[in-house]
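Quick notes on the structure that follows.
The values are calculated or read from the model by the stated rules, or taken from the named source; none is laboratory data. All values derive from a computational prediction rather than experimental measurement. FYI the Cβ positions are ideal-geometry reconstructions off the backbone, even for glycines, and counts take in every protein chain you see. Quick note on the areas: whole protein, heavy atoms, side chains included, nothing else; ligands and nucleic acids left out. Shrake-Rupley method; radii C 1.70, N 1.55, O 1.52, S 1.80 Å.
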Amino acid sequence: MKEDGAENVYQAFVTGYFSDPSRNISSVACFRTMEKCQAYLNFMRGYLELTRSASCQHGYYKGLFGWF
């Protein structure tokens, strides 16, 4: 979504676990609206057996050191 600009996206962060097969999951995804970001979080909560964290933020997070 480069044309939308980093300040105009919503970024979802999800971490969790499922057991068939046993996997730890970490996911980051970008959306144009908060509603779509929240829908993604709800989908992932249904997919994972254990959700450790799930959040949406406005704007593109470039990482702790700005490497992305």
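Taking Cα atoms only, the orientation of helix 34-47 departs from the longest principal axis of the chain by about 20 degrees.
Can you give the longest run of the chain that contains no trypsin sites (Lys or Arg not before Pro) sitting in a DSSP loop with at most 15 other Cβ atoms inside 10 Å? It works out to 1-31.
Given a Förster distance of 22 Å, report the FRET efficiency between E7 and A39 from their Cβ-Cβ distance, rounded to the nearest 0.05.
Working: r = 21 Å, r/R0 = 0.97.
Computed FRET efficiency for E7 and A39: 0.55.
Rolling a 1.4 Å probe across the protein heavy atoms gives the chain an accessible surface of 71 Å² per residue.
Coordinate range of the alpha-carbon atoms in the range 1-52 per principal axis, descending: 38, 17, 14 Å. By the rule of a second cysteine Cβ within less than 4.7 angstrom, the chain holds isolated cysteines at C30.
The calculated 222 nm mean residue ellipticity attributable to helices in the chain amounts to -6500 deg cm²/dmol, summing -39500 (n - 2.57) over DSSP H runs of n ≥ 4 and dividing by all residues. Label positions at D20 and S53, each projected 7 Å from the Cα along the C-beta direction, are separated by 2.9 nm. Restriction of the chymotrypsin sites (Phe, Trp or Tyr not before Pro) in the range 32-64 to DSSP coil positions whose beta-carbon has at most 15 other beta-carbons within 10 angstrom yields Y61.
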